[in-house]
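Structure first, then comments.
The values are calculated or read from the model by the stated rules, or taken from the named source; none is laboratory data. Source: prediction; values computed, not measured. Don't worry about glycine lacking a Cβ; one is built from the backbone with ideal geometry, like all the others, and counts go over all protein chains shown.
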Amino acid sequence: MTPRRSLFSSVHRPTQQTEGAAVERPVGMVAIIGRPNVGKSTLVNALVGERVSITSRKPQTTRDRVLGVRTDSEAQYIFVDTPGFQRHHRNALNLRMNEAVTGALKDVDAIVLVIESGGWTDADQQVLQLLPVDSGNVILAINKSDLLTERDRLLPLMADSMNRYKFRAIVPVSAEKSRQLDDLLREIRPMLPEGMLLFDEDQYTDRSARFLAAESVREKAYRLLGDELPYGIAVTIDRWDESRATTQIAATLFVEREAHRPIVIGKDGAKLREISRLARADIEQTIGNPVFLEVWVRVKRGWSDDARAMKSLGYG
């Protein structure tokens with residue numbers, strides 16, 4: 001069981017290339033932005049070809065800026081997966097996530113705004129207002145185009161979109177089905193400057209295995225608990241021991257209220273065991289090693305609106 005590509009923890013580390021072998025190609029940063037739950041993380045995962053960001057039906061699943069790297073013979077694309085921008089629920093965590101979105105728009109070579117094929121919403125329009133005027137580097141990706149029974153319905157949506165903003169291109173895609181991603185890459189590529197690779201060719205993220213492990217536990221909690229559990233959960237990795245044949249990992253899943261704890265644990269611990277089982281399978285695939293995963297549930301009251309508590313949980 002080995003991962004197809006490798007992980008590393010440094011950002012923008014120049015690759016090690018032998019003299020005479022270095023070949024420049026288009027290399028650049030691409031911000032993927034949009035309202036919550038529009039499919040940004042699914043799109044990044046599909047473009048990279050690896051599971052970089054967690055996904056769920058719960059809005060605001062992505063909390064951190066995560067880089068996903070795709071390197072092929074044509075270019076190296078460094079995709080910046082961002083949290084969904086929104087102006088509701090103005091607690092400290094959401095304010096921090098909005099800052100991550102606006103920060104991602106700086107110093108990137110291209111921007112991909114993602115909306116759904118059902119049409120523009122007020123939330124989409126709020127994100128649109130963040131974009132620089134006449135920048136010439138913004139592509140609109142109309143996601144979930146596979147759900148349209150009549151492709152002709154895309155034409156008025158595309159016309160309406162061009163009236164809202166001067167997009168460089170509009171590309172209908174299906175992140176879930178991995179459709180028309182080559183068309184999107186083809187539109188992005190001319191905006192990337194020529195240069196040396198910033199990441200090794202087999203590397204696909206800037207995040208560590210520990211970060212991805214914590215995110216996997218959080219994802220499984222979201223997927224298994226659904227609407228039973230409010231948004232405010234966080235996960236930390238407390239122990240990571242690779243000294244044995246089986247990697248030993250201890251994680252803590254934090255909830256904001258005492259009443260949430262039994263929801264996560266479930267009757268006779270059934271929910272927590274299933275969360276651990278599914279997360280363990282993902283982590284084993286990521287690190288290419290058998291894993292023993294132990295997950296504890298603890299209460300940290302009001303952490304999502306407490307800057308010090310957020311920092312202690314890794315949201316500094």
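Within the stretch 96-122, residues that are over 24 Å from D134 (Cβ atoms) have Cβ atoms under 6 Å from residues that are modelled with pLDDT of 95 or more and in a strand (DSSP E or B) in these pairs: E116/N143; S117/I142, counting only partners at least 6 apart in sequence or on another chain.
When you scan the stretch 238-252, do you find a residue that is outside the structural domain of D72 (by TED's automatic domain parsing), of a type in the set (K, R) and buried (at least 21 other Cβ atoms within 10 Å of the Cβ), even just one? No, the stretch 238-252 has no match at all. The single condition among (1) in the same structural domain as R65 (by TED's automatic domain parsing); (2) touching a Gly at 6+ places or on another chain (Cβ under 7 Å); (3) not small (G, A, S) that Y204 does not meet is (1).
Of all residues in the stretch 165-183, those that are part of a loop (DSSP other than H, G, I, E, B) and of a type in the set (A, V, I, L, M, F, W, C) total 3. Applying a threshold of 7 Å to beta carbon distances and a minimum spacing of six or more residues, or different chains, the list of pairs starting in the stretch 128-148 at a residue that is assigned to a loop (DSSP other than H, G, I, E, B) and ending at one that is among the acidic types (D, E) reads N137/D109; K144/E116. For beta carbons closer than 9 Å, sequence separation of 6+ or different chains, a first residue in the stretch 193-208 that is closer than 11 Å to Y77 by Cα and a second that is among the basic types (K, R) and surrounded by 17 or more Cβ atoms within 10 Å (Cβ to Cβ), the qualifying pairs are Y204/R70.
Just one of the numbered conditions (1) within 21 Å of E74 (Cα to Cα); (2) among the β-branched types (V, I, T); (3) outside the structural domain of A46 (by TED's automatic domain parsing) is not true of V235: (1). Considering (1) free of Cβ contacts under 8 Å to residues at least 60 places away in the same chain; (2) in the same structural domain as T121 (by TED's automatic domain parsing); (3) in a helix (DSSP H, G or I); (4) out of contact with any Phe, Trp or Tyr (no Cβ under 8 Å at 6 or more places or on another chain), the lone condition that D160 does not fulfil carries the number (4). Of the strands (runs of 3 or more DSSP E) lying entirely inside the stretch 228-316, the ones with 1 or more residues being modelled with pLDDT under 90 are found at 233-241.
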